[in-house]
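Below is one structure, written out as structure tokens; the observations come after it.
The values are calculated or read from the model by the stated rules, or taken from the named source; none is laboratory data. Values in this document were obtained by computation on a predicted structure and should not be read as measured data. Glycine gets a Cβ as well: all are built from the backbone with ideal geometry, and neighbour counts include every protein chain shown. Keep in mind that these areas ignore ligands, DNA and RNA; they rest on the heavy atoms of the full protein, side chains included. Shrake-Rupley method; radii C 1.70, N 1.55, O 1.52, S 1.80 Å.
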Amino acid sequence: MNKKFFIETVGCQMNVLDSELAAAELIGCGYESAAQSKDADIILFNTCSVREHAEEKVYSALGRLKHWKEYHPDGILGVMGCMAQKDQKKIFRRAPHVDLVMGPGRLARLPELIATALLTHEQVMEVSLDRDVDRHSAAEIKDSFHLHDPIRLPLVRMSVHQAMVRIMFGCNKFCSYCIVPRVRGPEQSRPAADIISEITTLAGQGCREVTLIGQTVNNWRFDENGRRLVMADLLERVNAIDGIERIRFVSNYPTGMTDELLQAVRDLPKVMPFIHVPAQHGANSVLKRMRRMYTVEEYRDLLDRIYSIIPGVSVTSDFIVGFCGETEEEFEQTVELVRYGLFKNSFIFKYSPREGTKSALEFEDTVSEADKKRRNNELLDLQTEISTAANRQFVGRTVEILVEGPSRSQVKEEKQEQPPLLALTVDQNRLHARPVNDTAVVQLTGRTPCDRIVVFDGELSLTGQLVQVRITQSHPFTLMGELVSTT
């Protein structure tokens, strides 16, 4: 019987994609995916190091699995991802029952490393060298992007009709609070031809929406036949691929948002009017301590350009409260920027020092936990107020939705009470998500072009289709609607 694996993912979209790619590698080597960790012979944690809470969550989970190792002496317990690259042997010290530690830059070697751990019964560690030493070979970079068998990868994606495609790896920004450049390595762009080849394959599998991802995705550039290609050029090429209906890209760095890129979003019909561009703070003094390389005035000018160039656009952002030395006056400037930005949503976090970052070395974490929590809640309340008002304007409109499948509440109910709603089958080298009952009416979900979540009732057979939905109710982060027609 083939060994079964289970991957627990913590963190950003980068990690979600890495987990999909890791699963694809393991399936290709004969392993099977387990629905639950208790049914697995191999348990892997794909980890995040951006915030301390995410790391402690993983260490707590590893501690609980000590008894699992006692009952599964031939099982493999592994830690992969950013925390693995950052903590390395520290993981073995805190959790001696862990068998494998692997950094994100070594993903292509996962099956080999698991095989080594199974054979030797010894702890295995494989991480990238320091970014100043290990610049990664061209072959290793290509391996890290993982061009997979056209059937195997869809079997592990969260959606048959949607896919994330990595176009960049690493980061060169070195924001003072951020560990990513140290754990993900130097910024490197993927060749345009490889990106287009993968997306063409995805379209042939039935994928209708792709999200291009990178730490600073709008800084993608590649020299081809003596010409420097930039993000706007890549979007134009993806827009020309038959079968792809929607294109998104995240995350962006403010200084790379050129008018040329914004005009491409406006003019290319398949590129969705949605921009995620983190601000992180609203005070120039804090942005300077963060080493963000732009001013609040420049960020506001960017917002003005986005809203003036792209009709119907929505913008989302990230903010950190309680950064080293943040005063009440500096925090209020962030509040003002959130009011000015009219963001569809903001991802708001409390600052926590990360070992190995400039801020941890150069600044004292002077803001109390109570003040961080208060400021976090105040900013969340303001964003909720803005999001509520913005979503209310959609009531009565008819919007186009790409149906992603059953809503989260429907899936939760299914797990508790019902048999599976969808069955995956492969026919003529193409993956199909076939409803178990085509006529079953359930609560479906999808997104508008501007990335607003819509929930409505419809038949499961609509999954993967573009439909028209009239909005009947609004909530801060969700719209409710009624099906009007299919396209």
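Using only the C-alpha atoms, the convex hull of region 274-350 corresponds to 76 Å³ per residue.
By the helix-only formula, in which each DSSP H run with n ≥ 4 contributes -39500 (n - 2.57) and the sum is divided by residues, the chain has a 222 nm mean residue ellipticity of -10500 deg cm²/dmol.
With charges set only on the Cβ (+1 for Lys and Arg, -1 for Asp and Glu), what does the dipole of the chain come to about its Cα centre, in debye to the nearest 20? Don't jump to the answer; show the numbers that get you there.
Working: 59 positive and 67 negative charges, 43 e Å.
For this selection, approximately 200 debye.
Checking the table LYS173/LYS358; LYS57/LYS173; LYS86/LYS173; LYS173/LYS344; LYS57/LYS89; LYS86/LYS344 against a 22 Å threshold on Cα-Cα, which pairs fail? Too far apart for the 22 Å limit: LYS57/LYS173; LYS173/LYS344; LYS86/LYS344. Compared with the alpha-carbon gap, the fully stretched path from ASP39 to GLU329 is longer by 99.1 nm at 0.36 nm per residue. A simple packing score, the average count of other Cβ atoms within 10 Å per residue, orders the peptides 282-294, 61-73, 215-227 as 282-294, 215-227, 61-73, with the highest score first. Summarising the strand pairing of the chain, around 45 percent of its internal DSSP beta bridges are antiparallel.
Taken along its three principal axes, the alpha carbon spread of region 325-381 comes to 34, 19, 16 Å, from the longest extent down to the shortest. Between ASP194 and LYS89, the C-beta separation translates, for a Förster distance of 35 Å, into a calculated FRET efficiency of about 0.55.
In the chain, taking the dipole from charged Cβ atoms about the Cα centre, the farthest positive-side position among LEU337, MET14, PRO186 is held by PRO186.
Taking every alpha-carbon pair under 8 Å whose residues sit at least 6 apart, region 293-378 reaches a relative contact order of 36 percent.
Ignoring ligands, DNA and RNA, what percent of the 1.4 Å accessible area of the chain is carbon and sulfur? Mind dumping the intermediate values first?
Details: 10650 of 21580 Å².
Exposed carbon and sulfur together represent 49 percent of the surface.
Working out 0.36 nm times the residue gap between THR398 and GLU298, then minus their Cα-Cα distance, what length gain in nm do you get to one decimal? Kindly include the intermediate steps, with their values, before the conclusion.
On the way: separation 100, 0.36 × 100 = 36.00 nm, distance 3.52 nm.
That works out to 32.5 nm of additional length.
Rolling a 1.4 Å sphere over the protein heavy atoms, what is the accessible area per residue of the chain, to the nearest Å²?
Numbers: 21580 Å² over 487 residues.
That works out to 44 Å² per residue.
Given R0 = 51 Å, the distance between the Cβ atoms of ASP457 and ARG237 translates into a calculated FRET efficiency of 0.85. Near PHE274, the amide H atoms lying under 5 Å from its own belong to SER314; only residues 5 or more places off or on other chains count, and H is placed 1.01 Å from N.
Could you give the length gained on full extension between HIS72 and GLU369, defined as 0.36 nm per residue of separation minus the Cα-Cα distance, in nm? List each step's numbers first, then the result.
Working: separation 297, 0.36 × 297 = 106.92 nm, distance 4.04 nm.
Between HIS72 and GLU369, full extension yields an extra 102.9 nm.
Using the crude model of +1 on Lys and Arg Cβ and -1 on Asp and Glu Cβ, and no other charge, please compute the dipole size for region 1-112 relative to its Cα centre, in debye to 20. Please list the in-between numbers first.
Numbers: 15 positive and 15 negative charges, 87 e Å.
Its charge dipole is roughly 420 debye.
Based on the reciprocal of the average 1/r between different C-alpha atoms, the Kirkwood radius for the chain equals 23.9 Å. Annotation: amide H of SER33 within the under-5 Å range of PHE5, sequence separation 5 or more or interchain, hydrogens built in the peptide plane.
Of the GluC sites (Glu not before Pro) found in region 312-383, the ones in coil according to DSSP and having at most 11 other Cβ atoms within 10 Å of their Cβ are GLU364.
Any idea what the dipole of region 267-388 comes to, in debye rounded to 20, about its Cα centre with Lys/Arg Cβ at +1 and Asp/Glu Cβ at -1?
Values: 16 positive and 21 negative charges, 97 e Å.
About 460 debye.
Between SER359, LEU303, THR388, the Cα set farthest toward the positive side of the dipole of the chain (charges on each charged residue's Cβ, about the Cα centre) is that of SER359.
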